[in-house]
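The values are calculated or read from the model by the stated rules, or taken from the named source; none is laboratory data. Bear in mind the structure is a predicted one, so any value in this text is a computation, not a measurement. Note that each Cβ is placed from the backbone with ideal geometry, even for glycine, and that neighbours are counted across all protein chains shown.
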Amino acid sequence: MDHLFNDPNFPRHAAVSRVVDPYLTAGMREYVLLHVLRYHREQPELDFQQHAHIWDDRARSLKQADERRIGILGLGELGQACGNALAALGFEVAGWSRSAKSLDGITCLDGPDGLDVLLARTDILVCLLPLTPQTEGILNVDLFAKLPEGACLINAARGGHMVEADLIAALDTGQLAHATLDVFRTEPLPNGHPPWDHPKITVTPHNASITDPRSVARQIVGAIGAVEQGEPLPNAVDLELGY
């Protein structure tokens with residue numbers, strides 16, 4: 001909804017209903033699982049070996065799933081679905097949200113202190129936060145410094161969460177080992193932009209999950225019907241929180 005709230009002419013008295021699409025949720029779950037597993041199985045290093053024509057079949061010290069700590073920023077519909085799927089595979093999953101939550105199989109943290117705890121125990125960080133004034137630029141040098149050295153990052157939320165210069169610096173120093181980015185401040189990503197050719201960045205074209213028009217149409221019709229019947233608007237957005 002951030003594009004609506006960035007419009008100075010948006011009527012603040014208007015009620016807004018957000019889409020909760022099971023297909024969108026499933027797509028994001030698949031995307032996050034794909035890239036977490038890539039990092040868990042050290043696939044970027046194996047890709048490098050292929051390109052360098054290196055055959056190294058020595059036993060690798062791969063961690064077991066229960067030794068790999070996943071951190072999720074945002075425990076809304078998408079964050080919970082991804083966290084549950086990762087926990088089902090045996091990963092140690094923790095999540096951080098604005099307000100306190102309790103979810104089976106996921107260590108739930110909140111508030112500034114909770115964020116620091118999450119970061120300190122995270123090998124692979126997944127950002128699924130809404131973009132609000134409070135989360136703008138949250139993926140920055142200070143946050144990266146609180147992660148263990150060599151952590152990986154997946155941002156499938158919004159480009160506005162990322163301070164791109166800080167990310168490049170963290171990758172170049174080795175503080176971060178790799179990053180998967182599906183979203184950017186400028187889209188399409190301009191030619192010559194550093195993420196295109198950085199050896200430690202995987203770029204996807206904002207297609208982590210695509211809304212299914214058929215599913216959305218059914219939700220819109222249902223929301224209109226609810227309002228016409230005098231019922232509460234489903235999935236209403238809190239205009240003060242921005243989501």
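How many of the residues making up region 191-215 are touching a helix residue (DSSP H, G or I) at 6+ places or on another chain (Cβ under 9 Å) and farther than 30 Å from Leu46 by Cβ? Reasoning before the result, please.
Keep residues of region 191-215 that are touching a helix residue (DSSP H, G or I) at 6+ places or on another chain (Cβ under 9 Å), which gives 193-195, 198-204, 206-212, 214-215.
Narrowing further to those that are farther than 30 Å from Leu46 by Cβ: 211-212, 214-215.
Here the count works out to 4.
Determine if region 100-108 includes at least one residue that is touching a residue at least 24 places away in the same chain (Cβ under 8 Å), in a loop (DSSP other than H, G, I, E, B) and of a type outside the set (Val, Ile, Thr). Steps first, answer last, please.
Taking region 100-108 and keeping what is touching a residue at least 24 places away in the same chain (Cβ under 8 Å), we get 101, 103, 106, 108.
In the following step, the residues that additionally are in a loop (DSSP other than H, G, I, E, B) were identified as 101.
Next, only the ones that are of a type outside the set (Val, Ile, Thr) stay: 101.
Yes, because at least one residue in region 100-108 is touching a residue at least 24 places away in the same chain (Cβ under 8 Å), in a loop (DSSP other than H, G, I, E, B) and of a type outside the set (Val, Ile, Thr).
Would you be able to say whether some residue in region 214-229 is within 20 Å of the chain's Cα centre (by Cα), closer than 29 Å to Val16 by Cα and crowded, with 16+ Cβ neighbours inside 10 Å? Outline the logic, then answer.
At the first step, the residues of region 214-229 found to be within 20 Å of the chain's Cα centre (by Cα) are none.
Checked against the condition, which is being within 20 Å of the chain's Cα centre (by Cα), closer than 29 Å to Val16 by Cα and crowded, with 16+ Cβ neighbours inside 10 Å, region 214-229 yields no hits at all.
Okay, residues lined up against (1) touching a Pro at 6+ places or on another chain (Cβ under 6 Å); (2) at pLDDT 95 or above; (3) among the hydrophobic types (A, V, I, L, M, F, W, C); (4) closer than 24 Å to Val32 by Cα:
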position	(1), (2), (3), (4)
Asp197	no, yes, no, yes
Asp212	no, no, no, yes
Val216	no, no, yes, yes
Leu233	no, no, yes, no
Leu241	no, no, yes, no
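Which of the residues that make up region 125-148 are of a type outside the set (Val, Ile, Thr), farther than 16 Å from Phe184 by Cβ and not in a loop (DSSP other than H, G, I, E, B)?
Leu125, Asp142, Leu143, Phe144, Ala145, listed by residue number.
Search region 1-24 for residues that are farther than 11 Å from Thr211 by Cβ and β-branched (Val, Ile, Thr) and pair each with any residue that is modelled with pLDDT of 90 or more and surrounded by 16 or more Cβ atoms within 10 Å (Cβ to Cβ) when their beta-carbon atoms are under 6 Å apart and the residues are at least 6 apart or on different chains.
Sorted first by the residue in region 1-24, then by its partner, the pairs are Val16/Val237.
Please give the number of the condition Glu92 fails out of (1) acidic (Asp, Glu); (2) in contact with a Phe, Trp or Tyr (Cβ under 9 Å, 6 or more places away or on another chain); (3) surrounded by 18 or more Cβ atoms within 10 Å (Cβ to Cβ).
(2)
Determine whether region 37-54 contains at least one residue that is over 20 Å from Ser209 (Cα atoms), modelled with pLDDT under 95, aliphatic (A, V, I, L, M) and in a helix (DSSP H, G or I).
yes
Here is a list of conditions, (1) free of Cβ contacts under 8 Å to residues at least 40 places away in the same chain; (2) out of contact with any Ser or Thr (no Cβ under 7 Å at 6 or more places or on another chain), and His161 meets all of them except one; can you say which number that is?
Going through the list (1) free of Cβ contacts under 8 Å to residues at least 40 places away in the same chain; (2) out of contact with any Ser or Thr (no Cβ under 7 Å at 6 or more places or on another chain), His161 breaks only (2).
When you check Leu78 against the structure, is it in contact with a strand residue (DSSP E or B) (Cβ under 8 Å, 6 or more places away or on another chain), part of a helix (DSSP H, G or I) and in contact (Cβ under 8 Å) with a residue 24 or more places away in the chain, yes or no? Don't jump to the end; show me each part of the working.
Values: in contact with a strand residue (DSSP E or B) (Cβ under 8 Å, 6 or more places away or on another chain): no; part of a helix (DSSP H, G or I): yes; in contact (Cβ under 8 Å) with a residue 24 or more places away in the chain: yes.
The answer is no for Leu78.
Considering only region 179-192, how many residues are assigned to a loop (DSSP other than H, G, I, E, B), touching a strand residue (DSSP E or B) at 6+ places or on another chain (Cβ under 9 Å) and not basic (Lys, Arg)?
Of all residues in region 179-192, those assigned to a loop (DSSP other than H, G, I, E, B) come to 182-192.
Subsequent filtering for residues that are touching a strand residue (DSSP E or B) at 6+ places or on another chain (Cβ under 9 Å) retains 182-185, 189.
Now drop any that are not not basic (Lys, Arg), which leaves 182-184, 189.
The total comes to 4.
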